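The values are calculated or read from the model by the stated rules, or taken from the named source; none is laboratory data. In this text the structure is predicted, and so the values were computed from the model without any measurement. Cβ placement follows ideal geometry from the backbone for every residue including glycine, while neighbour counts extend to all protein chains displayed. We work out accessible area using only protein heavy atoms, side chains counted, and drop any ligands, DNA or RNA first. Shrake-Rupley method; radii C 1.70, N 1.55, O 1.52, S 1.80 Å.
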Amino acid sequence: MSRRAIAFLAVSISIAALAPARAAEPAAFRQKLYVTNSAGDDVTVIALPSHEVLGRIQVGLHPHGIASPASQDVLYVTGEGRGELLTIDPYTDRVIRRVKTGPEPNQLAVTPDGSFAYVPVNDGHWEVYALADGKLVDRIFTGGRPHNTLVSRDGRHVYLAPMGDPHKVTIIDAASRRAIGEIPFSSVVRPIALARDEKRFYAEVDGLIGIEVADVPSRKMIHRVPSELTADQKKVASRSHGLGLRPDEKEIWACDVEHGVVHIFDNTTEPPKQIATVALGGPVYWLTFSPDGKIGYVSVRGKNEVAAVDTETKKILTRIPVGEVPKRLMVLTLPEKKAVPAAN
């Protein structure tokens with residue numbers, strides 16, 4: 001090898017040693033907010049923390065429920081219009097699979113390990129799907145109109161909340177998919193929430209602007225907590241629909257639909273005590289939080305927007321335009337995709 005070639009090789013090695021290693025291509029946006037637009041046919045995608053609208057995913061008429069496993073590397077949406085369970089790749093924001101379900105599927109839940117989805121359908125049953133292949137593996141009857149679903153953090157229990165006559169939540173053992181208990185409430189059960197330690201269960205019910213609280217171990221409703229309403233609010237009929245625990249579980253937020261407000265309760269007391277009300281300027285319907293608990297996102301269905309609320313100051317930070325009649329929404333924090341080994 002010539003001296004010139006040796007010198008060139010030495011310089012090349014030195015430069016290579018100083019250059020950073022080429023990293024795997026990261027997702028363009030690692031954290032995103034997804035919003036189902038119930039009167040339309042799409043899901044709005046919003047980048048966080050910038051709140052930039054990235055676009056829409058066309059899924060079919062009347063998207064309803066939205067859920068993800070603990071890994072947050074895949075998203076599931078139910079479509080009421082066609083009776084479908086849709087799988088969405090959040091890295092590309094494309095629908096990658098459609099599975100036919102029973103009629104009008106509502107708010108599903110996915111086991112933390114991503115193995116199964118529990119999908120409430122309008123024939124009195126929850127349908128259980130194996131997510132590896134999309135196959136229906138079980139149907140669980142509760143009666144009423146199956147509507148809202150939660151899975152415990154450890155994946156051992158599933159909570160099924162139908163609307164209508166049952167007035168109760170059924171607790172399912174995830175291993176056997178059999179009922180192991182019931183929690184009765186005062187009226188038709190609507191949105192629900194569950195404490196991380198599974199000791200407290202929260203529900204909104206028909207006929208109450210506020211929340212009911214149950215003790216899970218004893219299977220008893222222990223508190224009925226009406227929201228504090230102004231004289232003007234009392235003149236307008238409304239209902240509660242949209243419920244969420246802040247990630248630190250020190251507060252519980254509840255949507256008051258027609259009054260266009262969110263009532264906030266201190267959850268460190270027994271019973272929870274209302275401490276604030278946030279006016280959103282139009283009918284509201286669902287809410288969720290950023291993983292760090294600093295922002296609450298509220299679907300303002302009357303304005304086709306999502307309001308981002310600072311959870312400490314209780315002030316609106318921004319309003320984000322979305323699709324037609326937004327309802328369910330959730331934040332995903334995407335794990336970094338593993339690099340694909342280069343071919344030899």
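Applying the set (1) closer than 30 Å to ASP165 by Cα; (2) crowded, with 22+ Cβ neighbours inside 10 Å to PRO103 leaves exactly one unmet item: (2). From the list ARG196, ARG178, ARG139, the lone residue that is within 20 Å of the chain's Cα centre (by Cα) and either open to solvent by 50 Å² or more (accessible area, probe 1.4 Å) or small (Gly, Ala, Ser) (or both) is ARG196.
For the stretch 156-173, a tally of residues being open to solvent by 20 Å² or more (accessible area, probe 1.4 Å) and either in a strand (DSSP E or B) or in contact with a Ser or Thr (Cβ under 7 Å, 6 or more places away or on another chain) (or both) returns 6. The C-beta contact set for the stretch 132-157 (first residue closer than 15 Å to PRO112 by Cβ and modelled with pLDDT of 95 or more, second residue open to solvent by less than 20 Å² (accessible area, probe 1.4 Å) and hydroxyl-bearing (Ser, Thr, Tyr), distance under 8 angstrom, 6+ apart or interchain) comprises THR149/TYR118; THR149/TYR159; LEU150/TYR159; VAL151/THR111; VAL151/TYR118; VAL151/TYR159; SER152/TYR159; GLY155/THR111.
Scanning the stretch 49-75 for residues that are touching a strand residue (DSSP E or B) at 6+ places or on another chain (Cβ under 9 Å), part of a loop (DSSP other than H, G, I, E, B) and either over 24 Å from ALA117 (Cα atoms) or at pLDDT below 95 (or both) returns PRO49, HIS51. Across the stretch 242-266, the qualifying residues are those that are open to solvent by 10 Å² or more (accessible area, probe 1.4 Å) and among the acidic types (Asp, Glu), and the one among them that is farthest from VAL189 (Cα to Cα) is ASP248. Could you tell me whether any residue of the stretch 143-159 is farther than 18 Å from ALA67 by Cβ and aromatic (Phe, Trp, Tyr)? No: zero hits.
Matching residues to (1) farther than 12 Å from ALA254 by Cα; (2) open to solvent by less than 30 Å² (accessible area, probe 1.4 Å); (3) of a type in the set (Val, Ile, Thr):
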residue: THR268; (1), (2), (3): yes, no, yes
residue: GLN274; (1), (2), (3): no, yes, no
residue: VAL278; (1), (2), (3): no, yes, yes
residue: VAL284; (1), (2), (3): no, yes, yes
residue: LEU287; (1), (2), (3): no, yes, no
residue: SER290; (1), (2), (3): yes, yes, no
residue: ASN304; (1), (2), (3): yes, no, no
residue: ALA307; (1), (2), (3): yes, yes, no
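Of all positions in the stretch 51-58, none carries a residue that is crowded, with 18+ Cβ neighbours inside 10 Å and farther than 18 Å from LYS327 by Cβ. Just one of the listed residues (ILE13, ILE96, ILE6, ILE88) is over 24 Å from THR318 (Cβ atoms), open to solvent by 50 Å² or more (accessible area, probe 1.4 Å), modelled with pLDDT of 95 or more and aliphatic (A, V, I, L, M), and it is ILE96. Just so you know, in the stretch 207-221 the residues that are more than 16 Å from PHE265 (Cα to Cα) and not small (Gly, Ala, Ser) include one that is most open to solvent (accessible area, probe 1.4 Å), and it is LYS220.
Annotation note: Cβ proximity below 7 Å between a residue of the stretch 230-242 that is among the hydroxyl-bearing types (Ser, Thr, Tyr) and a residue that is open to solvent by 80 Å² or more (accessible area, probe 1.4 Å) (sequence gap 6+ or interchain) occurs for SER238/GLU258. Condition check: of a type in the set (A, V, I, L, M), within 28 Å of THR92 (Cβ to Cβ) and part of a strand (DSSP E or B). Does ALA308 satisfy that? So ALA308 fits the description; yes. In the stretch 67-85, the residues that are free of Cβ contacts under 8 Å to residues at least 24 places away in the same chain reach residues that are among the hydrophobic types (A, V, I, L, M, F, W, C) and open to solvent by 50 Å² or more (accessible area, probe 1.4 Å) with C-beta atoms within less than 9 angstrom, at least six apart or across chains, in these pairs: ARG82/LEU61. PRO146 fulfils the conditions (1) in contact with a Phe, Trp or Tyr (Cβ under 6 Å, 6 or more places away or on another chain); (2) farther than 16 Å from PRO105 by Cβ except for a single criterion, (2). Take LYS294 and tell me if it is open to solvent by 60 Å² or more (accessible area, probe 1.4 Å), within 19 Å of VAL45 (Cα to Cα) and either touching a Pro at 6+ places or on another chain (Cβ under 9 Å) or of a type in the set (D, E, K, R) (or both). When the stated conditions are applied, LYS294 does not pass them.
Taking the numbered list (1) in contact (Cβ under 8 Å) with a residue 24 or more places away in the chain; (2) in contact with a His (Cβ under 9 Å, 6 or more places away or on another chain) in turn, VAL262 passes all entries but (2).
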